[in-house]
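A.B. asks: Okay, here's the structure, questions in a sec.
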Amino acid sequence: MRLTVLGKSPSWEDAGGACSGYLIEQDGWAVVLDCGNGVFSKLRRFRDYTRVDAVLISHLHADHFLDLIPWSYALTYAPRQQPVPVDRWPGTDQPARPRLVAPTGARETFRRIVGAWGPEELVENAFALEEYVEETEVEIGPMRFDFRSVPHFAQTFACRVRAEGGDKTLVFGADSGPNEHLVDIGRGADLILLEATLPRPEREGPRGHLTAREAGEHAARAGASRLVLTHISDELDALRARAEAEDAFGGPVAVAHEGATFGI
Ligand SMILES: [Zn+2]
Ligand SMILES: [Zn+2]
């Protein structure tokens, strides 16, 4: 498997950056995991958006799904998606309609958002939408995905990806406060991608995010081989975050940046 970071910003973009989005490729198949604001533009640098097999969404926060909207417009209106020749595009009777795998309630959320100004079925018409629950296992070409719920401010799922015929595992923690499910699903991962949103724990209210040190602790308890920190603003010190995570993890840690690729 190959993981490419499309966006790693938290709920507001870094300068020139994008929110949560990761391209996972295996044997010519491609999945985009999360599609936050800015991700569609970044994706176009690495992969033809009509040749993505599926999009998976970890939770229904804007920074994890908002660019489904421009992507839906592209799938609906792009010249090459039309049945007749337009400009240099020959026309097609098989326009791309990637799978969109999102948590329960996604259809309603997308309708509410797009319905604020336009035809509310934009997203579900552009993509083949399927909603998942925690028990769902999703097969996309040679890749298998499963999910564990994690504590956050909305229903949120960490996700594990396994490639068929290999014993390689990639785990994405989504957004979450400290919890045991993350350790469970991350068990023995070859690469675990964990958020490190906070420079220190939230001062009040329920926990919904991790510090870099906590990300390191979770990865160590899971026995993961490699840790990559993500969902961290360019307004925080990446070197300090990495040092804290390495101290807790007990090994080298990478901090995600846009365009970074990891072989798994
Ligand atoms: Zn987020
Ligand atoms: Zn979130």
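The values are calculated or read from the model by the stated rules, or taken from the named source; none is laboratory data. The structure displayed is predicted, hence computed values, not measured ones. Here Cβ is always computed from backbone atoms with ideal geometry, including for glycine, and neighbour counts include all displayed protein chains. Heads up: the accessible areas ignore ligands, DNA and RNA and are worked out on the full protein's heavy atoms, side chains in. Shrake-Rupley method; radii C 1.70, N 1.55, O 1.52, S 1.80 Å.
A.B. asks: Go over the candidates D67, D53 one by one and state the one that is among the acidic types (D, E), within 24 Å of L3 (Cβ to Cβ) and within 16 Å of ligand 2 (Cβ to nearest atom).
C.D. replies: Residue meeting the stated conditions: D67.
A.B. asks: Go through segment 207-223 residue by residue and tally those that are open to solvent by 10 Å² or more (accessible area, probe 1.4 Å) and either in a loop (DSSP other than H, G, I, E, B) or modelled with pLDDT under 95 (or both).
C.D. replies: So the count comes out to 3.
A.B. asks: Still on this structure, please answer the following. Cβ-Cβ distance below 7 Å, separation of 6 or more or different chains: which pairs start in segment 20-45 with a residue that is away from ligand 1 (no atom under 16 Å from the Cβ) and end on one that is at pLDDT below 95?
C.D. replies: Close Cβ pairs satisfying both conditions: Q26/A163.
A.B. asks: Of everything in segment 1-19, what is under 18 Å from I192 (Cα atoms) and away from ligand 1 (no atom under 16 Å from the Cβ)? Give them in sequence order.
C.D. replies: Of everything in segment 1-19, those that are under 18 Å from I192 (Cα atoms) and away from ligand 1 (no atom under 16 Å from the Cβ) turn out to be M1, R2, L3, T4.
A.B. asks: Tally time: how many residues in segment 122-131 are not small (G, A, S) and not in a strand (DSSP E or B)?
C.D. replies: Final tally of qualifying residues: 5.
A.B. asks: Something else now. Do we have any residue at all in segment 137-144 that's within 16 Å of ligand 2 (Cβ to nearest atom), closer than 27 Å to Y73 by Cα and not acidic (D, E)?
C.D. replies: Keep residues of segment 137-144 that are within 16 Å of ligand 2 (Cβ to nearest atom), which gives none.
No; the residues of segment 137-144 include none that is within 16 Å of ligand 2 (Cβ to nearest atom), closer than 27 Å to Y73 by Cα and not acidic (D, E).
A.B. asks: Which one of the conditions (1) open to solvent by less than 40 Å² (accessible area, probe 1.4 Å); (2) outside any loop (DSSP other than H, G, I, E, B) does D247 fail to meet, given that it meets all the rest?
C.D. replies: Failing condition for D247: (1).
A.B. asks: Something else now. Can you give me the number of residues within segment 27-45 that are closer than 8 Å to L6 by Cβ and within 16 Å of ligand 2 (Cβ to nearest atom)?
C.D. replies: 1
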